[in-house]
1. So Gly104 ticks every box in (1) open to solvent by less than 80 Å² (accessible area, probe 1.4 Å); (2) assigned to a helix (DSSP H, G or I) but one. Which box is left unticked?
2. Has the range 50-73 got at least one residue that is open to solvent by less than 20 Å² (accessible area, probe 1.4 Å), under 17 Å from the mean Cα position of the chain (by Cα) and either at pLDDT below 90 or over 26 Å from Val18 (Cα atoms) (or both)?
3. Gly109: of a type outside the set (Val, Ile, Thr), on the phi > 0 side of the Ramachandran plot, at pLDDT below 95 and surrounded by 14 or more Cβ atoms within 10 Å (Cβ to Cβ), yes or no?
4. I'm checking my understanding of the structure. Among residues of the range 1-32 that are part of a loop (DSSP other than H, G, I, E, B) and modelled with pLDDT of 85 or more, which one is surrounded by the most Cβ atoms within 10 Å (Cβ to Cβ)?
5. Leu88 - would you say it is outside any helix (DSSP H, G or I) and touching a residue at least 60 places away in the same chain (Cβ under 8 Å)?
6. Cβ contacts < 7 Å: first residue closer than 8 Å to Ser108 by Cα, restricted to the range 69-85; second residue open to solvent by 50 Å² or more (accessible area, probe 1.4 Å), any location; separation 6+ or different chain. Result?
Amino acid sequence: MTSTIAAPSENKSDGKPVDREKTCPLLLRVFYNNDRHHPTMEFNRGNVPSTELQIYTWLDASLRELTNLVIEVNKDARRKGTVFDFALVFPDLRSPIYRMRDIGSTTSGQKGPDDNKTLASVRFQIGDYLDIAISSPQSRSIPRRSGGRPF
């Protein structure tokens, strides 16, 4: 099987797609939470959140492809209109803490502008984590206080 999305980091000079038959996949550690991202403090000192998926994939994997993999294992995320907010979690090279950067979002059952973003295009590096805030259509319509709880 050959990927149809070019991976800029692996084949920069020729722009050819990643050959998934010949290229070894990487282990992507994905952490998910309902309605919000995990605080970066949960990643410090070798700790990680407990809600983890381990996915073998390639740098040319799109956010839509990753969304579909999460939907396969998380029944609650299958409802049409469920929003997946993706963030990259990576170590800060100047201090012993982790940083988080939003990289895009997808919606179950709908096409969106971030669907074709790849791990390579958002500068994912092997060893980084992916954190996903999964919001159901119902929870997005409930007004929230600053504490994140419904009124």
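The values are calculated or read from the model by the stated rules, or taken from the named source; none is laboratory data. Every value quoted in this text rests on a predicted model; they were computed, and no experiment measured them. FYI the Cβ positions are ideal-geometry reconstructions off the backbone, even for glycines, and counts take in every protein chain you see. The protein model used for the area step is the full one, side chains on, heavy atoms only, and it has no ligands, DNA or RNA in it. Shrake-Rupley method; radii C 1.70, N 1.55, O 1.52, S 1.80 Å.
1. So Gly104 meets the others, but not (2).
2. The answer is no; no qualifying residue exists.
3. On the way: of a type outside the set (Val, Ile, Thr): yes; on the phi > 0 side of the Ramachandran plot: yes; at pLDDT below 95: yes; surrounded by 14 or more Cβ atoms within 10 Å (Cβ to Cβ): no.
It is false that Gly109 is of a type outside the set (Val, Ile, Thr), on the phi > 0 side of the Ramachandran plot, at pLDDT below 95 and surrounded by 14 or more Cβ atoms within 10 Å (Cβ to Cβ).
4. It comes out as Thr23.
5. Details: outside any helix (DSSP H, G or I): yes; touching a residue at least 60 places away in the same chain (Cβ under 8 Å): no.
Taking the combined requirement at face value, the residue does not satisfy it.
6. Lys80/Gly109; Gly81/Gly109; Val83/Arg140
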